[in-house]
Amino acid sequence: MTRTDNGFSATRRLVLQGAGAVALVGLGNLPFGLTQAFAANDKYPEEAFKQKTEADAIKSLYGRTAEASDKVKMDAPEIAENGAVVPVSVSTTLADVTSISFLVAENPVALVASYKIPAGTMPNVANRIKMAKTSNVIVVVEAGGKLYSATKEVKVTVGGCGG
Amino acid sequence: MPIRRRDFLTLAGAATLAGSLPRLAHSADSVYDLERFGNARILHITDTHAQLKPVFFREPSVNLGIGSMQGNPPHLVGKAFLDRFGIRPDSADAYAFTCIEFEKGAQRFGKLGGFAHLKTLVDRLRGDVGAGRSLLLDGGDLWQGTGLANVMQGADMVDASNLLGIDAMTGHWEFTYGEKTLRSNLERFKGEFLAQNVFLTEEAAFNDAKAFDPASGRVFKPATIKEIGGRRVAVIGQAFPYVPIAHPKRFTPDWKFGIRDEELQKLVDGLRNNDKVDAVILLSHNGMDVDLKLASRVTGIDVILGGHTHDAVPQPIAVTNPGGVTLVTNAGSNGKFLAVLDLDIGKGKVANVRYRLLPVFSELLKPDPAMQGLIDKTRAPHAGDWVDKIASADRLLYRRGNFSGSMDQLICDALRSELDTEIALSPGFRWGTTTLAGQPLTMEDVLAQTAVTYPETYVATMTGAQIKDVLEDVCDNLFNTDPYYQQGGDMVRLGGLAYACTPAEGVGKRISELTLDNGNPLQAAKSYKVAGWASVNEQTGTPVWDVVAKHLKSGKPPNRSAPGVTLKGVEGNPGISKQA
């Protein structure tokens with residue numbers, strides 16, 4: 001997002017965010033090309049993207065449950081400026097990260113996006129997610145074969161009436 | 001022996017008991033004669049809302065704290081407030097800080113604030129410590145709140161700010177003039193505008209929008225370092241975190257806000273470790289509950305000088321965090337108060353602190369001629385149309401309070417009557433002055449309640465369920481037990497609809513017993529005609545001040561039977577006073 005203290009230039013960060021946005025857009029109406037890209041690496045987790053609750057989605061995606069960890073750092077607003085595009089990013093100091101997933105508990109479908117992290121990649125993903133209403137946002141990091149998570153409530157409000 | 005301030009006030013109180021009800025003795029010396037302390041004096045004003053002239057302003061009789069906030073400052077009113085801060089009932093301080101016997105106090109002690117009076121006091125307190133030993137900081141909401149500020153888009157207030165000698169400020173309503181006007185105001189502002197928590201959106205950054213620091217995306221300078229009293233003092237600005245949510249997003253499309261305490265921590269650490277400052281002050285427009293939570297999480301800040309929630313808190317609240325202790329203050333509103341923070345700063349460390357929140361009793365201060373001249377000159381072209389009486393106040397008209405105020409009741413009556421709707425909604429702003437019963441109401445008074453850059457009224461059709469959702473949403477912004485999820489305004493005001501509220505409940509469960517004026521319950525599926533103003537969505541109706549003025553001029557009998565708000569589960573909460 002706005003920080004550059006990880007050594008990357010702001011431009012590079014923007015490119016990464018752009019990639020996240022593309023993946024998100026793809027979820028609603030997944031174009032054929034993108035499906036192919038998923039398929040080349042791994043099977044598209046169709047069942048996981050149908051689950052209503054975050055627990056079922058995590059179970060479907062990973063077959064395990066996640067434990068909360070302060071090594072998973074999520075950056076999300078307390079109150080969304082626009083529920084349609086809520087910026088949520090995650091970074092972690094955990095080693096051997098293989099995937100990072102984003103879930104919104106109160107959305108009609110809980111799983112928002114799941115990213116495969118190839119070996120040697122910095123485990124740092126920023127994307128924007130659409131939120132129907134105030135909800136817990138959960139990020140899950142798969143590292144060394146185990147699951148770690150962080151949770152934060154993001155409020156979606158009608159606004160107005162400031163002091 | 002010089003009479004100290006506290007003694008003077010005690011004397012004033014004692015004389016009252018004798019039954020003579022004297023006005024304030026004209027001896028500013030005794031009230032504003034502060035003992036010298038430390039090597040750096042920081043003066044702080046906040047939320048003056050552009051009130052250039054002295055005002056009446058009634059403090060709230062309902063300011064509820066819920067959860068861990070219950071019973072703690074700033075959620076104390078009336079007698080509980082006096083007891084907590086050791087203020088003598090019937091004193092000038094009791095009048096300034098609480099709602100108790102407001103009208104009686106108004107007769108005795110007169111108006112407060114006014115920039116010409118404030119200027120005299122500021123100059124005196126800066127002069128007392130000598131050159132290079134003081135700062136004047138403003139916490140924002142300085143350039144909005146009157147008809148004059150609105151018509152001049154804050155330009156009048158820039159001149160007044162410069163003459164007052166403000167060294168640094170942060171912002172809230174300043175943003176609602178839009179980027180272009182804000183930048184042109186800032187160009188003329190001689191102090192520094194600080195905001196660590198305003199960043200370019202990704203799109204704006206990609207398009208190379210103007211930023212103080214393109215690398216971080218920070219739109220404004222986050223902090224400044226001032227040498228005062230031979231020590232280096234860092235002042236960090238914290239703008240209102242929810243500008244694009246509380247106001248129409250169209251005013252600030254390229255900027256994103258937020259509390260951003262992680263960025264703040266990095267900033268504090270950098271100032272401490274790299275810039276080797278001796279003291280760190282956060283000039284905040286977060287609101288007091290947010291500041292209290294922030295102080296428990298962010299380390300390395302000596303004092304948070306707070307605003308936004310308009311809480312006049314006489315003493316700082318000490319908050320412990322892993323790095324030590326941070327003091328949190330809030331300095332009231334509408335120019336009523338001037339905070340004096342005297343610091344004894346050693347190398348890299350604040351050794352000791354004294355804090356006073358001085359009520360600015362206009363009758364005790366000779367108006368500064370230069371500031372008075374500037375105010376008169378600036379008002380002259382605009383004020384002519386606004387000074388004529390359009391009605392008399394039929395009762396004490398005030399706004400401040402968590403749920404309702406007589407002034408907002410009047411606005412709701414005007415909306416319902418003029419726009420012919422069953423229900424009216426009016427925003428829970430905390431600014432707006434007080435008019436005593438029998439006093440003339442002028443257009444200037446009406447504008448002091450309504451002067452925003454999005455004043456258009458609207459008439460909408462809403463279902464009962466939608467109305468309840470809006471009330472629940474706003475109520476959660478007020479009573480969420482986590483202050484980071486609050487926005488700092490009061491509850492939306494209702495005309496034509498009574499309800500019960502249980503503040504300690506969760507979102508969606510606080511509002512019940514919604515009842516129309518005719519006694520019928522509000523039905524979830526039924527549609528109702530609702531009038532309102534200050535919508536975050538663009539509207540095109542008549543500005544609300546014209547609607548209110550038209551209603552007042554019509555001579556329609558005032559509606560005194562305001563629909564009630566029944567509070568549940570607040571027994572024993574000292575944030576509610578029966579002595580209003």
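Every read-out reported here was derived from the displayed coordinates using simple, explicitly stated rules and does not represent laboratory data. Model, not experiment: these values are computed from the prediction. As a convention, Cβ positions derive from the backbone with ideal geometry for all residues, glycine included, and neighbour counts pool all protein chains shown.
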* Please list, in chain and number order, the residues 5+ apart from B:Arg493 or on another chain whose amide H is under 5 Å from its amide H, with Hs placed from the backbone. => B:Ser426, B:Gly428
* Pop the C-beta distance of B:Lys349 and B:Lys266 into the FRET formula with R0 = 25 Å and round what comes out to the nearest 0.05. => 0.75
* Kirkwood hydrodynamic radius (C-alpha pairs) into Stokes-Einstein, segment B:248-314, 4 °C and 1.567 mPa s, D in µm²/s -> 97 µm²/s
* Candidate lysines - alpha carbon under 25 Å from B:Lys104, same-chain residues fewer than 8 apart omitted -> B:Lys53, B:Lys79, B:Lys336, B:Lys366, B:Lys389, B:Lys578
* Rg (Å, one decimal) plus Dmax (Å, integer) for the alpha carbons of the protein assembly as shown? -> 26.7, 92
* Structure fact -> B:Asn518 and A:Lys59 label points (each 7 Å along its Cα→Cβ direction) are spaced in nm at 5.2 nm
* **Antiparallel DSSP beta bridges within the protein assembly as shown, percent to nearest 5** => 75 percent
* Over 22 Å between C-alpha atoms is what I'm after, so list which of B:Lys226/B:Lys249; A:Lys146/B:Lys266; A:Lys73/B:Lys256; A:Lys59/A:Lys152; A:Lys59/A:Lys116 land there. => B:Lys226/B:Lys249; A:Lys146/B:Lys266
* Give the Rg/Rh ratio for chain B, taking Rg as the radius of gyration of the Cα atoms and Rh as the Kirkwood radius, to two decimals. => 0.95
* So between B:Glu101 and B:Lys568, what do we pick up on full extension, going 0.36 nm a residue minus the alpha carbon distance? -> 165.6 nm
* Asked: Going through segment B:502-580, which chymotrypsin sites (Phe, Trp or Tyr not before Pro) have at most 10 other Cβ atoms within 10 Å and a DSSP loop state?
  -> none
* How about A:Lys50: which aspartates and glutamates have a C-alpha closer than 20 Å to its C-alpha, ignoring those fewer than 8 places off in the same chain? -> A:Asp42, A:Glu106
* **Residue list for segment B:90-116, given a label point 7 angstrom along the Cα-to-Cβ vector of B:Arg124 and an amide N cut-off under 19 Å** => B:92-97, B:109-116
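Would you order B:Arg124, B:Arg36, B:Arg260, B:Arg399 from fewest to most other beta-carbon atoms within 10 Å of each residue's own beta-carbon?
Values: B:Arg124 16, B:Arg36 11, B:Arg260 21, B:Arg399 27.
Ranking B:Arg124, B:Arg36, B:Arg260, B:Arg399 by Cβ neighbours within 10 Å, fewest first, gives B:Arg36, B:Arg124, B:Arg260, B:Arg399.
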* Under 14 Å from the Cβ of B:Ser68, count the other residues' Cβ atoms, weight Lys and Arg +1, Asp and Glu -1, and hand me the total. => -1
* Asked: Dividing the convex hull volume of the alpha carbon atoms of segment A:48-156 by its residue count, what do you get in Å³ per residue?
  -> 80 Å³
* Per-residue HN-Hα couplings for segment B:344-351, Karplus 6.51 cos²θ - 1.76 cosθ + 1.60 at θ = phi - 60°, whole Hz, x for Gly and Pro? -> 9, 9, x, 5, x, 7, 8, 7
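Taking only C-alpha pairs under 8 Å that are 6+ residues apart, what is the relative contact order of segment A:48-156 in percent?
Working: 265 pairs, mean separation 36.3, N = 109.
Rounded, it is 33 percent for segment A:48-156.
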* Asked: Using r as the Cβ-Cβ distance of A:Asp70 and A:Lys130, and R0 as 22 Å, what FRET efficiency do you calculate, to the nearest 0.05?
  -> 0.20
* **Qualifying trypsin sites (Lys or Arg not before Pro) for segment B:437-545 [loop in DSSP, other Cβ within 10 Å: at most 16]** => B:Lys509, B:Lys526
* **Longest DSSP-loop-exposure-free segment, GluC sites (Glu not before Pro), chain B, at most 12 other Cβ within 10 Å** => B:36-537
* To do: Please work out the C-alpha center-to-center distance from segment B:327-399 to segment B:140-215 and express it in whole Å.
  => 20 Å
* Structure fact -> For B:Ser554 and B:Asp208, extending 7 Å from Cα along the Cα-Cβ vector and measuring point to point gives, in nm, a value of 5.6 nm
* Structure fact -> The answer for B:Gly287, listing residues at least 5 apart or on another chain whose modeled amide H is closer than 5 Å to its amide H, is B:Gly307, B:Thr309
* To do: Would you mind working out the magnitude of the charge dipole of chain B relative to its Cα centre, with +1 at each Lys and Arg C-beta and -1 at each Asp and Glu C-beta, to the nearest 20 Debye?
  => 1080 debye
* Do the alpha carbons of any pairs in B:Lys468/B:Lys529; B:Lys221/B:Lys349; B:Lys529/B:Lys550; B:Lys293/B:Lys347 sit beyond 19 Å of each other, and which pairs? -> B:Lys221/B:Lys349; B:Lys529/B:Lys550; B:Lys293/B:Lys347
* **Helical contribution to [θ] at 222 nm, DSSP H n ≥ 4, -39,500 (n - 2.57), averaged over chain B, rounded to 500** => -9000 deg cm²/dmol
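Starting from segment B:323-385, pick out the trypsin sites (Lys or Arg not before Pro) whose DSSP state is loop and whose Cβ has at most 12 other Cβ atoms within 10 Å.
Values: sites: B:Lys336, B:Lys347, B:Lys349, B:Arg354, B:Arg356, B:Lys377, B:Arg379; in loops: B:Lys336, B:Lys347.
Taking segment B:323-385 and a limit of 12 other Cβ atoms within 10 Å, the loop trypsin sites (Lys or Arg not before Pro) found are B:Lys347.
Of the beta bridges DSSP finds with both residues in chain B, what % are antiparallel, to the nearest 5? List each step's numbers first, then the result.
Values: 55 of 83 bridges.
Among the beta bridges of chain B, antiparallel pairing accounts for roughly 65 percent.
Compute the FRET efficiency between B:Ile225 and B:Arg88 as 1/(1 + (r/R0)^6), taking r as their Cβ-Cβ distance and R0 = 41 Å, and round to the nearest 0.05. Let's see the in-between values first.
On the way: r = 41 Å, r/R0 = 1.00.
E between B:Ile225 and B:Arg88, to the nearest 0.05, is 0.50.
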* Structure fact -> Surpassing 19 Å at the alpha-carbon level, of the pairs A:Lys155/B:Lys568; A:Lys52/A:Lys133; A:Lys155/B:Lys180, are A:Lys155/B:Lys568; A:Lys155/B:Lys180
* **Phi-based couplings in Hz for segment B:90-98 (Karplus 6.51, -1.76, 1.60; Gly and Pro marked x)** => 6, 8, 4, 5, 4, 5, 5, 9, 10
* Once amide H atoms are placed 1.01 Å from N in the peptide plane, what residues at a sequence separation of 5 or more from B:Leu567, or on another chain, have their amide H within under 5 Å of its amide H? -> B:Cys501
